[in-house]
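Trainee: I have a structure here, written as structure tokens, and I will follow up with some questions on it.
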Amino acid sequence: MGGLWEFPGGKIEPNETIKECIKREIKEELGIEILVRESLITIEHQYPKFKVTLFVHHCQYLQGTPQAIECEEVRWVNLLELDKYTFPEANYEIINLLKSSVQKY
Ligand SMILES: Nc1nc2c([nH]c(=O)n2[C@H]2C[C@H](O)[C@@H](COP(=O)(O)OP(=O)(O)OP(=O)(O)O)O2)c(=O)[nH]1
Ligand SMILES: [Mg+2]
């Protein structure tokens, strides 16, 4: 979404599971291998012009060096640093949940 930071991911293809989709998108967008783990949350969000359902999973890094293959820039940040970045509206629920599920810093 123009000018905003996003978590890597993308649209599900026919005959693909959510976990397969996440693994494929992370490979396509960042060039790294991950293990897709448990669901964190599913969010339905209505933007002014369209509606999305975001299936958010915990993921474990396996191997590779993250590269900005399909975006302008990639950054690996911790939860505190996330506050410095502007995300699409639907993402704030994810970020708040991540923060509340981690021991207070
Ligand atoms: N990837 C991603 N998409 C998000 C986030 N937050 C959010 O609202 N979205 C929305 C924007 C898009 O409508 C949709 C995901 O689309 P996408 O642009 O990543 O899809 P894609 O990788 O398959 O890309 P494309 O084939 O359309 O170019 O979800 C986020 O943090 N990451
Ligand atoms: Mg994408």
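Trainee: Once R0 is set to 35 Å, what does the formula 1/(1 + (r/R0)^6) return for the Cβ-Cβ distance between H45 and T65, expressed as a FRET efficiency to the nearest 0.05?
Mentor: Values: r = 32 Å, r/R0 = 0.90.
It comes out at approximately 0.65.
Trainee: Please tell me the relative contact order of the stretch 18-101 in percent, rounded to the nearest whole number, where contacts are Cα pairs under 8 Å and at least six residues apart. All intermediate terms of the calculation are to be shown ahead of the outcome.
Mentor: On the way: 97 pairs, mean separation 23.1, N = 84.
Relative CO of the stretch 18-101 lands at 28 percent.
Trainee: Can you compute the equivalent ellipsoid semi-axes for the stretch 56-105, i.e. the square root of 5 times each eigenvalue of the Cα gyration tensor, sorted largest first and rounded to whole Å?
Mentor: On the way: eigenvalues 88, 46, 26 Å².
So the equivalent ellipsoid measures 21, 15, 11 Å along its semi-axes.
Trainee: Next question. Which residue, T42, T65, T53, tops the fluctuation ranking in a GNM of the chain built on C-alpha contacts under 10 Å?
Mentor: T65
Trainee: Note the direction-averaged projected area, equal to a quarter of the hull surface, for the Cα convex hull of the chain, in nm². List each step's numbers first, then the result.
Mentor: Values: hull surface 29.2 nm².
Its average projected convex-hull area is 7.3 nm².
Trainee: Could you count how many Lys pairs in the stretch 1-79 have their Cα atoms under 19 Å apart, skipping same-chain pairs fewer than 8 positions apart? Show your work: numbers first, answer last.
Mentor: Details: K11/K19; K11/K23; K11/K27; K11/K49; K11/K51; K19/K27.
So the count works out to 6.
A short reminder: the numbers here are calculations on the coordinates, not readings from a lab. Predicted model only: the values in this text are computed from it and were never measured. FYI the Cβ positions are ideal-geometry reconstructions off the backbone, even for glycines, and counts take in every protein chain you see.
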